[in-house]
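Shown next, in structure tokens, is the structure this report addresses.
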Amino acid sequence: MLLTFSKSSIRLVYATTGPRRIVTSSLDLKLNHYWNFIWYSNYRTAYAHRTKYEMDKVYLRHDGSNQDLHINFRFTNEDVRVDRDFNFCRKMTENIEDALVRIRNNIEKELSKKSKKSKKKGMAQVQEPVTNTCDEVLVEIVRSELCKKVENMTFEKLLETETNDLKLRVMNKNYEIVYNLPWVLNLTLPTNILAGFRVYPSKVELQFADRKHSIGKWYKTKMPPSGDLIRGTKWIECGNGFYYVTSNNDIGYYLKFSLTPGNEAGQYGPQVEQISKNEVQAGPGQCPFETRHSFTKNRLRGDYFRVVSYNILADLYADSDYTRTHLFPYCPPYALKIDYRKQLFMKEIIGYNADIICLQEVDLKIFDLELKNILESDELDYKGVIAQKGTCGEGVAIFYLKSRYNLLHKYELNIGENIRTLPQFAELWQQIQNNTKLVERICDRSTTLQVLVLRCNESGRHLLVANTHLYFHPDADHIRLLQIGFAMLYVEHIYNDTITKLNLSDRRELSLLFCGDFNSVPECGIYKLMVEGNVGKDFIDWTSNTDEAVQNVSLSQPFKIQSACGTPPYTNFTHAFAACLDYIFYQSDHLDVHQVVPLPTEEELKCHTAIPSVVFPSDHVALVADLRFKSL
């Protein structure tokens, strides 16, 4: 079948090996206002997201979520000096005749523009590309095997059957019509690229494709004298895959990432290129965490495992005028931007070669676009789970090494929302429920507790890993103490329930880890509760806010617990406050500490006044400890 157009008519032609039969009907060729035609006109911009369509293909895409059909192809004609990408969005229920009219009109519009430009330059007029004669065609769709006459066909009907024999012809040039090939919807590179760090796309959206079967390549070049990174630029290939580790040799170079989307069936879509907006910058030099990496060069085996707990400072809190002028005025603004900081904390986290990574203040977008994409790669082999903190855009996350651990159960608890209702909270709730101001404050908090139950593949032992970030306010020691009290009630319930579910005959087969930013110094009740097992009703924390003072409440927890990293002078270090707030608590009758990675010295923390800084991506430092299962 041929759908052919002259300037004044559309004709359905049913092609066979014999003579063509033609049916002609006139159409109003005026453009409808709803027509959405987009073409990429910014090739002169060095930072354009460019799709390199194969010259002989027209791409049709429909994902089934709606009626939109996307049509993309590149039209070239040397005679009239046209080289343009055309991109259309039509409806599956639309007659193809109507869509082809729009395609033809837009191509004619482009040809007309070229003709007018030629006239202005005093050049020979471009020959009119189409005439009104019936034998000449401008746009047509061909299905060579169709022998019956078909009228008023929609795209939906057209694409119901095999699409292998479909072709689009534009000015005597044939394009193979391909349907739902792998596609790149979005590809962006970070605005800040440092030498000595891992660079990767800050955003990749694929359709009908997956990363595992896609092909990525990296190139670099210096800005040419012309200032045009698109035309006539010689690019040097420098890396393969979805990331590239830059070096000092890359300083001053622009990077280009080329992505060819693929799928499991071995199909590949058109290649897409993205060029960095800025050249590679010199890095900050040796970072203190790189010294710490000398203790974690190798991954552990057998009964040994490495744990990291790290508040990475959410962009949600770092990217504000108040933060820049009051909280961290000593930190250069560029070093507070997430495109800068993420390079540091990603390199830091990867270099610890940990088995279990507990993170706090994790932006949801950072989890999805950065942490998951890099840590869950085949090379690094982690699996991540995030628990959002209420309705805000950050939360706590745990990554575990898939080659060593299997996830058996996961739990997520908003403590404030569940204080009134969970059966295991009933006794403690009854003791505070009449304190109206206290109840209002603690129940309004979005504090989240995350719990994973993991099985170690090598030893067969189990870990219950809890992760949290408690309320921060200076007058809220009583709130935090209650929060950890409720959290430990929940952890105890999950611990006992896991023993039953897994039918563990020896309780030492399940060991507790509790990591987090507890916003509590060692002198406060949280450390006392965890390490000593109880806090009395007269403890000073209960009166940290006299209007909300907690009366006649004592807390206890049943586990033997110690702090793996002890009580270092600082885990949080800013110009206004510095103290130990973060801990890796572990069940000391089930686990032993094998190694604690030394924390940065006070001199390192003060080198740039405080942290965050150009060499510290957060106002907290990571805790890193190697633990070992005790013999059963």
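We did not get these values from a lab; they are worked out from the coordinates using the rules stated. Since we're looking at a predicted model, the values are computed, not measured. Every residue, glycine among them, receives a Cβ derived from its backbone with ideal geometry; neighbour counts consider all protein chains shown.
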Just to be sure I understand the model, the point goes 7 Å from the Cα along the line to the Cβ. What's the resulting E78 to D98 distance in nm? 3.9
FRET efficiency (A282, I540; Cβ distance; R0 45 Å; to 0.05) is 0.35
Would you indicate which of (1) 94, 72, 69; (2) 125, 53, 42; (3) 99, 55, 50 is the value of Cα extents along the principal axes in Å derived from the coordinates of this structure? (3)
Select from the stretch 189-279 those GluC sites (Glu not before Pro) which occupy a DSSP coil region and have at most 13 other Cβ atoms within 10 Å, ordered by residue number. E264
Relative contact order (%) - criterion: Cα under 8 Å, at least six apart; region: the stretch 183-275: 36
Give the residues of the stretch 80-103 whose amide nitrogen is closer than 18 Å to a point set 7 Å from the Cα of Q267 in the direction of its Cβ. 92
Given charges of +1 on the Cβ of Lys and Arg and -1 on the Cβ of Asp and Glu, with all other atoms neutral, how large is the dipole of the chain about its Cα centre, in debye to the nearest 20? 2840
Of D63, D378, how do they rank once you tally other Cβ atoms within 10 Å and put the fewest first? D378, D63
Anything over 24 Å Cα to Cα? Flag those among K203/K347; K277/K347; K347/K606; K212/K234; K365/K389, in the order listed. K212/K234
Cβ under 11 Å from N545's Cβ, N545 left aside: what net charge do those residues give with Lys, Arg +1 and Asp, Glu -1? -3
May I ask you to derive the FRET efficiency for K410 and K630 from their Cβ-Cβ distance with R0 = 25 Å, giving the value to the nearest 0.05? 0.45
May I ask for the net charge around P190, where only other residues with Cβ less than 12 Å from the Cβ of P190 are counted and Lys, Arg are +1 while Asp, Glu are -1? +4
Expressed as a whole number of Å, what is the distance separating the alpha-carbon centroids of the stretch 553-632 and the stretch 288-351? 14
May I ask you to derive the relative contact order of the chain, considering only C-alpha pairs under 8 Å and at least 6 residues apart, and to give it as an integer percent? 11
How much net charge surrounds D517 when only the other residues with a Cβ under 10 Å from the Cβ of D517 are counted, with Lys and Arg +1 and Asp and Glu -1? -2
Label-point separation (nm) for D381 and K113, each offset 7 Å from Cα along Cα-to-Cβ? 5.3
Taking every DSSP bridge whose two residues both lie in the chain, the antiparallel percent to the nearest 5 is 85
How much length, in nm to one decimal, is gained on full extension between E532 and K560, taken as 0.36 nm per residue of separation minus their Cα-Cα distance? 9.3 nm
How much length would be gained if the chain were fully extended between S505 and N186, taking 0.36 nm per residue of separation minus their Cα-Cα distance, in nm to one decimal? 109.6 nm
Using only Cα atoms, what Kirkwood radius does the stretch 183-275 have, in angstroms? 13.9
Please work out how much length the chain gains when fully extended from E458 to R324, using 0.36 nm per residue of separation minus the C-alpha to C-alpha distance, in nm with one decimal. 43.5 nm
Where the centre of each part is set by its Cα atoms, how far does the stretch 434-486 sit from the stretch 154-198, in angstrom? 48
At 7 Å along the Cα-to-beta-carbon direction for both C89 and D475, put a label point, then send me their distance in nm to one decimal. 5.1
